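Engineer: My structure is below; once you've seen it, I'll send some questions.
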Amino acid sequence: MDRSQLADFLRTRREALQPEDVGLPRGPRRRTRGLRREEVAALCGMSTDYYARVEQQRGPIPSEPMLAALARGLHLSLDERDHLFRMAGHNTPSRHPRTDHISPGMMRILDRLADTPAQIISIVAETLVQTRLAVALLGDETCYTGLDRSLIYRWFTHPHARRIYPEADHATHSRIFTSELRTAYSRHGADCRIGEVVDALLRESEEFTALWSAHEIGVRREGDRKRIQHPDLGVLELHCQVLYDADRAQALLVYTATPGSESHDKLRLLSVVGDRSSQQ
């Protein structure tokens, strides 16, 4: 680990970011060049003390998850992320489509959606990051580990995963999820992550096995509409806009409602009802 170079790299990247780059208010009396350390720490999901010690060359060797969080919070490019890992004495992560690294462009868009339910998911429907209102709407989907990180896997193996959608929509979602997984499987091959999810579901879910054997491709819901079942607000009829990154390995999902509708009013209440994950 090159403490000096690592600390200098983090400092220069912190100072190069402006508050508006990450969705933060600048404030009228701001004198700090770039972001403050506490702001970077919050973006990376770590304590201010931990981040400060690393930047001041007196902290521990950051683990790979910590480095990934730093890369995401500082909006590093893939080349910058790899450089960060090397300076910390770690091997660079794979650049395969299953990577969890989010491009700076996608993160800049998400940062501007603080007042909107939005999240970025991977090719196998692993939620990589969510806005606060997305957690209020869907629950914290970033807390899972292993195969459970994939919503598609949870959908076919854990009954509680289906609570976010009305029961009448379950069969449609099952077909859509299977179709999306098969599309990813055919586009990227039996990638170890995609193949791992498929193999596990073929072993564990008769429903998935039957749908997989039907070879349905391109199954879509009607328009961009999606119904979400919330424990306090009931059913919300939402529009789900999807923005893909360049290689279609990750997608940004943004949930909105028609202005003036009942669902639009319910969506505005998300900020006061709290995190639904504590209610499940």
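Engineer: Can you give the extra length, in nm with one decimal, that the chain gains between Glu167 and Arg112 once fully stretched, where that is 0.36 nm per residue apart less the Cα-Cα distance?
Structural biologist: So the extension gain works out to 16.5 nm.
Engineer: Can you tell me what the convex hull of the Cα atoms of the chain projects to on average, as an area in nm²?
Structural biologist: 16.1 nm²
Engineer: Counting only heavy atoms of the protein chains, get the accessible area per residue of the chain (1.4 Å probe) and round it to a whole Å² value.
Structural biologist: 49 Å²
Engineer: Estimate the FRET efficiency between His90 and Asp247 by the formula 1/(1 + (r/R0)^6), using the beta-carbon distance for r and 30 Å for R0, to the nearest 0.05.
Structural biologist: 0.80
Engineer: Pop out the carbon and sulfur fraction of the accessible area of the chain as a percent, whole number, probe 1.4 Å.
Structural biologist: The value for the chain is 49 percent carbon and sulfur by accessible area.
Engineer: Continuing with the same structure: Can you give the calculated 222 nm mean residue ellipticity of the chain, where each DSSP H run of n ≥ 4 adds -39,500 (n - 2.57) and the sum is split over every residue, rounded to the nearest 500 deg cm²/dmol?
Structural biologist: Dividing the helical sum by the residues of the chain leaves -12500 deg cm²/dmol.
Engineer: Quick one: what are the phi-derived ³J(HN,Hα) couplings along the stretch 160-171, Karplus 6.51/-1.76/1.60 with θ = phi - 60°, whole Hz, x for glycine and proline?
Structural biologist: Per-residue couplings from phi come out as 5, 5, 8, 5, 6, 10, x, 4, 4, 9, 4, 4 Hz.
Engineer: How far apart, in nanometres, would the label points at Leu202 and Asp148 be if each is projected 7 angstrom from Cα along the Cα-to-Cβ direction?
Structural biologist: It is 2.5 nm.
Engineer: Same structure, new question: Using each residue's phi in the stretch 219-228, evaluate 6.51 cos²θ - 1.76 cosθ + 1.60 at θ = phi - 60° and report the 3J(HN,Hα) Karplus result to the nearest Hz, with x for Gly and Pro.
Structural biologist: Residue by residue, the stretch 219-228 yields 5, 10, 7, 5, x, 9, 7, 8, 9, 10 Hz.
Engineer: Go through Thr127, Thr48 and list them by solvent-accessible area, largest first, probe radius 1.4 Å.
Structural biologist: These residues rank, largest area first, as Thr48, Thr127.
Engineer: With axes computed from alpha carbons, what is the tilt in degrees of helix 64-73 against the longest principal axis of the chain, rounded to the nearest 10 within 0 to 90?
Structural biologist: Orientation of helix 64-73: about 90 degrees from the principal axis.
Engineer: Something else now. Rounded to the nearest 0.05, what FRET efficiency do Glu216 and His158 give with R0 = 35 Å and r taken as the Cβ-Cβ distance? Could you check?
Structural biologist: Here the calculated transfer efficiency is 0.95.
Engineer: Expressed as an acute angle from 0 to 90° and rounded to the nearest 10, what is the orientation of the C-alpha long axis of helix 78-87 relative to the principal long axis of the chain?
Structural biologist: Rounded to the nearest ten degrees, it is 50.
The values are calculated or read from the model by the stated rules, or taken from the named source; none is laboratory data. Here the structure is a predicted model, which means the values were calculated and not measured. Because the Cβ atoms are built from the backbone with ideal geometry, glycine has one as well, and the counts that use them run over all protein chains shown. Side chains are part of the model used for accessible areas, which takes the heavy atoms of the whole protein and leaves out ligands, DNA and RNA. Shrake-Rupley method; radii C 1.70, N 1.55, O 1.52, S 1.80 Å.
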